[in-house]
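**Q** My questions all concern the structure below.
The values are calculated or read from the model by the stated rules, or taken from the named source; none is laboratory data. Remember, it's a predicted structure, so these values are computed and weren't measured experimentally. Cβ placement follows ideal geometry from the backbone for every residue including glycine, while neighbour counts extend to all protein chains displayed.
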Amino acid sequence: MTTSTSEPSVLTPHSEGCEPATRAGAARPSLAKRGAEARIRERALELGFDLCRFADLTAPWPASARLAEFIAAERHGSMGWMAETAERRVHPKAMWGEARSAVVLGMNYGPDHDPREAQTDLGRGAVSVYAQGDDYHELIKGRLKQLAGWLVARFPSEVKVFVDTAPLMEKPLAQRAGLGWQGKHTNLLSRTHGNWLFLGSILTTLELQPDPPETDHCGSCRACLDACPTAAFPAPYQLDARRCLSYLTIEHAGPWPEEFRAAVGNRIYGCDDCLAACPWNKFAQAGRELRLQAREALKRPRLAELARLDDAAFRALFTKSPVKRIGRDRFVRNVLYAVGNSGDPALAAVAAERLEDASEVVRDAAGWALARLELTREAGEGATPPAERFPAGARPAAPS
Ligand code: B12
Ligand code: SF4
Ligand code: SF4
């Protein structure tokens, strides 16, 4: 998830490889005879993907109407790029009319422990699992390009690769390909891998045999909905991004409405609570991709050190990390909200240092942190900051 709207990479057919040429648009049976799908899947797994399935792009889908509703209700908040690209985003063919099929890939980034454990030490920040290693965008885009290059060498066609940033609805596409289903928390989860999955896609002019779509296996469960600390789900399968801590910590640039500052606790980048609550994760394995493994420095970083980062130190600490994308000011704002929630009077000095910061959003967060620490101090030694949590269903007005 990111604010970037960079365009997809395009690979054109070339003559590498020793397979007989199959032109884009060739009749399907010739591909089927050579088992194109099985070979692509085999190559994808060799490249480190955990799931690879195929979707037909010719049929309409309900996701377009739901995207329109999401935007009309302004649930995208300050992610203006979602509305700006809405026309291309509604369906893969709206973005690329010649595309016929999608190769949809999943890469497991499952943690080897419950990430909510990081919320117990309030002097340290909790960085979302997906952001503790290298930036998955770069990693997956590289692998997608490798797979796409391999594909066009054997089955001449046009291809474009996507991971996260292009106007493509990746979750409904993955559901159509049968990788999994969109759960009540709106993320794609699988019966074999749970919900710690990154998605990537290759659209192609080839006509590939589609896999059957996956059906919903949430049943009567509502664990993710109840786990959300900010009641961000107006209904099952729907998210109001404006209330989501992932949106607030990563996508939203300005100061936050008061109610969410206390609710964020020590989460300083992203949020995993709804994902971690899902019972299907009992089938998940820890991710095997070394570049996605948590860096020691990001497992439980000290708030005091993070609040003191200047621009250069921020860039150095987050080299090749997705966190780098949000910039120092937005990150230090998040850290200061966590400082305010720490209940540790010793961190007041750290917050006070930021009262004269060059960034307005940082100064505002520092002032809030100091006031909140003072409230905790007045409540007495050993007091924890008042818990701020919105029970599911209790929904104060959403911020704009
Ligand atoms: C915008 C965005 C965000 C936004 C909005 C999230 C959202 N749920 O829409 C914010 C910033 C909040 C966000 C957060 C996260 N994101 Co994000 N994000 C995206 C992005 C760029 C677009 C998603 C989108 O189109 N949203 C618009 C809404 C309308 O789409 P939707 O959720 O699919 O909506 C569906 C449901 O609402 C459903 N629906 C609506 N009504 C009803 C009614 C019924 C009855 C039913 C059945 C369904 C239904 O239909 C809609 C269409 O399918 C995608 C990448 C991409 N290009 O697709 C990554 C992506 C979804 N994000 C991803 C990740 C990892 C995350 C986080 C887990 C990161 C974190 N740990 O902090 C969180 C998860 C928060 C959450 N609970 O969703 C991954 C998810 C992988 C997966 N397995 O699903 C993606 C796919 C990136 C990737 N390539 O891997 N993200
Ligand atoms: S990521 Fe966190 S805040 Fe966002 S919907 Fe999930 S539990 Fe709620
Ligand atoms: S926690 Fe339950 S309701 Fe939520 S996605 Fe997982 S199975 Fe579905």
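**Q** Residue under question is W280, and the condition is that it be of a type in the set (F, W, Y), modelled with pLDDT of 95 or more, more than 16 Å from the chain's Cα centre (by Cα) and outside any helix (DSSP H, G or I); does it hold?
**A** Judged against the criteria, W280 is not a match.
**Q** Considering only the stretch 268-313, how many residues are away from ligand 1 (no atom under 16 Å from the Cβ), closer than 18 Å to N334 by Cβ and aliphatic (A, V, I, L, M)?
**A** Of the residues in that region, 7 qualify.
**Q** I want to confirm something. Restricting to the stretch 198-249 and keeping residues that are out of contact with any helix residue (DSSP H, G or I) (no Cβ under 6 Å at 6 or more places or on another chain), within 16 Å of ligand 2 (Cβ to nearest atom) and among the hydroxyl-bearing types (S, T, Y), which single residue is farthest from W280 (Cα to Cα)?
**A** S246
**Q** While we're looking at this one, here's another question. Write out, first by first residue and then by second, each pair whose Cβ atoms fall under 8 Å of each other, whose residues are 6+ apart or on separate chains, and whose first residue, in the stretch 215-242, is farther than 17 Å from R66 by Cα while the second is of a type in the set (V, I, T) and within 12 Å of ligand 2 (Cβ to nearest atom).
**A** From the stretch 215-242, the pairs are P229/V264.
**Q** Just to be sure, is P20 surrounded by fewer than 12 Cβ atoms within 10 Å (Cβ to Cβ), at pLDDT 90 or above and not small (G, A, S)?
**A** no
Okay, residues lined up against (1) assigned to a helix (DSSP H, G or I); (2) modelled with pLDDT of 95 or more; (3) under 15 Å from the mean Cα position of the chain (by Cα); (4) not small (G, A, S):
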position: A148; (1), (2), (3), (4): yes, yes, no, no
position: L179; (1), (2), (3), (4): no, yes, no, yes
position: L189; (1), (2), (3), (4): no, yes, yes, yes
position: G200; (1), (2), (3), (4): no, yes, yes, no
position: L206; (1), (2), (3), (4): no, yes, no, yes
position: Q209; (1), (2), (3), (4): no, yes, no, yes
position: D226; (1), (2), (3), (4): yes, yes, no, yes
position: F233; (1), (2), (3), (4): no, yes, no, yes
position: A253; (1), (2), (3), (4): no, yes, no, no
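**Q** Please verify whether the stretch 264-282 includes one or more residues that are surrounded by fewer than 21 Cβ atoms within 10 Å (Cβ to Cβ) and among the polar types (S, T, N, Q).
**A** Checked the stretch 264-282: at least one residue is surrounded by fewer than 21 Cβ atoms within 10 Å (Cβ to Cβ) and among the polar types (S, T, N, Q).
**Q** Something else: Would it be correct to say that E98 is modelled with pLDDT of 95 or more and surrounded by fewer than 19 Cβ atoms within 10 Å (Cβ to Cβ)?
**A** yes
**Q** Please verify whether the stretch 260-283 includes one or more residues that are within 15 Å of ligand 2 (Cβ to nearest atom) and over 21 Å from P115 (Cα atoms).
**A** Checking the stretch 260-283: not a single residue is within 15 Å of ligand 2 (Cβ to nearest atom) and over 21 Å from P115 (Cα atoms).
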